[in-house]
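Single-structure report; data block below.
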Amino acid sequence: MSRKRQRLVPDAFGLKRRRERGQAEADPLRGESGSARAAVAELVQLFPRSLFEDALPPIALRSQVYSLVPDRTAADRQLVSGVGATDGSRFPASRALPRVPITQTKALQEQGEIRIIQLGFDLDAHGIIFTEDYRTRVLKACDGRPYAGAVQKFLASVLPACGDLSFQQDQMTQTFGFRDPEITQLVNAGVLTVRDAGSWWLAVPGAGRFIKYFVKGRQAVLGMVRKAKYRELLLSELLGRRAPAAVRLGLTYHVHDLIGAQLVDCVSTTSGTLLRLPET
């Protein structure tokens with residue numbers, strides 16, 4: 001995706017606000033030099049907490065961050081340490097071409113400020129959660145349950161020390177002192193899900209419903225663009241429409257994903273940003 005096309009996205013979402021303040025003002029996120037943290041903070045505000053009775057931590061997707069931070073490589077560097085790793089425990093390298101490096105600071109994952117989870121419906125589908133939100137919701141979900149002790153031990157020992165997406169059996173038993181029954185309890189609690197034999201993904205208890213809503217909603221919003229004339233639709237028109245019943249997470253939440261995941265192209269027009277399905 002070209003830099004020119006990427007820059008359309010924050011402009012489009014902030015259009016109404018800037019009309020009130022004057023067209024010359026810069027977009028707030030752009031003003032923070034493409035801050036991935038600011039992008040995540042804005043995106044989690046779109047998460048419909050009430051839909052899940054506030055039982056889930058607000059989740060943003062890596063693809064959504066790309067809709068607000070023009071440089072995908074810089075976004076990855078700000079989010080996660082070891083961007084170039086390919087062992088599956090960290091983000092794979094961005095497919096975007098490298099750009100000029102940003103100021104070297106610890107990634108949000110390395111600082112322990114965010115946790116990354118594998119959402120399961122796609123290898124590139126990564127959820128981003130602020131660590132404190134994750135800890136609070138997990139403790140609430142396991143309160144009074146038989147596995148509460150194992151979960152508390154995990155949050156106190158593993159979470160602060162290891163920022164990876166997945167954990168190995170030797171790591172859990174030898175490094176952190178978990179017994180096999182305790183690991184089983186973590187799986188039962190929904191804090192871990194089985195990746196393969198002797199390996200587990202970090203997970204969010206009760207996230208299955210979110211994933212179901214997300215996948216259905218993504219397809220529904222794509223369908224709105226697909227059914228439009230010439231398979232293209234103005235962003236302002238799309239956001240002004242009534243959302244189909246399948247779109248439980250909100251149109252804006254899904255549009256950020258479609259743009260960042262490059263499922264639609266953004267085209268600048270005199271009428272505003274146009275979303276167009278890529279030619280196949």
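The values are calculated or read from the model by the stated rules, or taken from the named source; none is laboratory data. What you are looking at is a predicted structure, and each value in this text was computed from that prediction instead of being measured. In this analysis, Cβ positions are derived from the backbone assuming ideal geometry, glycine residues included, and neighbour counts consider all displayed protein chains. With ligands, DNA and RNA removed, areas are computed over all heavy atoms of the protein, side chains included. Shrake-Rupley method; radii C 1.70, N 1.55, O 1.52, S 1.80 Å.
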Got at least one residue in region 209-225 being at pLDDT below 95 and either farther than 29 Å from Asp133 by Cβ or open to solvent by less than 50 Å² (accessible area, probe 1.4 Å) (or both)?
no
Sole residue being among the hydroxyl-bearing types (Ser, Thr, Tyr), at pLDDT 95 or above and either under 22 Å from Arg77 (Cβ atoms) or in contact with a strand residue (DSSP E or B) (Cβ under 6 Å, 6 or more places away or on another chain) (or both), chosen from Thr173, Thr131, Thr184:
Thr131
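Enumerate the helices (runs of 4 or more DSSP H) found wholly within region 126-220, keeping only those where 1 or more residues are under 19 Å from the mean Cα position of the chain (by Cα) and of a type outside the set (Val, Ile, Thr). First the steps, then the outcome.
Numbers: elements: 131-142, 148-161, 180-189.
Where helices (runs of 4 or more DSSP H) fall fully within region 126-220 and carry at least 1 residues being under 19 Å from the mean Cα position of the chain (by Cα) and of a type outside the set (Val, Ile, Thr), they are 131-142, 148-161.
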Consider Ile183 carefully, then state whether it is farther than 24 Å from Arg145 by Cα, surrounded by 14 or more Cβ atoms within 10 Å (Cβ to Cβ) and of a type outside the set (Gly, Ala, Ser).
no
Output for region 38-68, where each listed residue is buried (at least 19 other Cβ atoms within 10 Å of the Cβ) and basic (Lys, Arg)
Arg62
